[in-house]
Amino acid sequence: MHWFITSVEKNNNKWIIQGIQEEHGVLDCIITRTNLQDELALNLEYNEGRGLCVISHQEVYRIEIEIDNHLNKWLDRDKLEKVSADEARYFDDEYYMGLPAIVFCFWKGMINTDI
């Protein structure tokens, strides 16, 4: 499945990524930077929609992905500027959205996997 990114918003330790694909697919992602102790204290379940990329004990990224078919959201986002998800840069001229390359690749693998 090929995605087009419509927005990337970085707010402190959180990245909010939105996108679309043909056939009215809508992508909503949140990547949160935290540490291993705080993340494990949340006692979350990790699955195809939520992954954990550990760089070190002090640098951990929770990647949460939601994919839906939603016509109205798709129509709103289709009006926005779009960049192929296969690009290394999106809207801010910062490679990999300012994420470590391994986290970016982890996220990219999650959105490109057909389940």
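The values are calculated or read from the model by the stated rules, or taken from the named source; none is laboratory data. Since we're looking at a predicted model, the values are computed, not measured. Cβ coordinates were reconstructed from backbone atoms using ideal geometry, including for glycine residues, and neighbour counts include every protein chain displayed.
Okay, here's what the table says:
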| read-out | value |
| --- | --- |
| Residue check, residue 112 among the polar types (S, T, N, Q) and more than 13 Å from the chain's Cα centre (by Cα) | no |
| Candidate set: region 94-103, residues that are under 15 Å from residue 8 (Cβ atoms) and touching a residue at least 12 places away in the same chain (Cβ under 8 Å); chosen: the one surrounded by the fewest Cβ atoms within 10 Å (Cβ to Cβ) | 98 |
| Condition met for residue 50 (free of Cβ contacts under 8 Å to residues at least 24 places away in the same chain, within 19 Å of residue 109 (Cα to Cα) and of a type in the set (D, E, K, R)) | yes |
| Yes/no for residue 33 being surrounded by 13 or more Cβ atoms within 10 Å (Cβ to Cβ), within 11 Å of the chain's Cα centre (by Cα) and not aromatic (Phe, Trp, Tyr) | no |
| Looking only at region 76-90, and only at residues there that are of a type in the set (Lys, Arg) and in a loop (DSSP other than H, G, I, E, B), the one that is surrounded by the fewest Cβ atoms within 10 Å (Cβ to Cβ) | 79 |
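Conditions (1) outside any strand (DSSP E or B); (2) surrounded by 14 or more Cβ atoms within 10 Å (Cβ to Cβ); (3) at pLDDT 95 or above; (4) out of contact with any Lys or Arg (no Cβ under 7 Å at 6 or more places or on another chain), marked per residue:
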{"site": "2", "(1), (2), (3), (4)": "yes, no, no, yes"}
{"site": "53", "(1), (2), (3), (4)": "no, yes, yes, yes"}
{"site": "66", "(1), (2), (3), (4)": "no, no, yes, yes"}
{"site": "74", "(1), (2), (3), (4)": "yes, yes, yes, yes"}
{"site": "92", "(1), (2), (3), (4)": "yes, no, no, yes"}
{"site": "106", "(1), (2), (3), (4)": "yes, yes, yes, yes"}
{"site": "114", "(1), (2), (3), (4)": "yes, no, no, yes"}
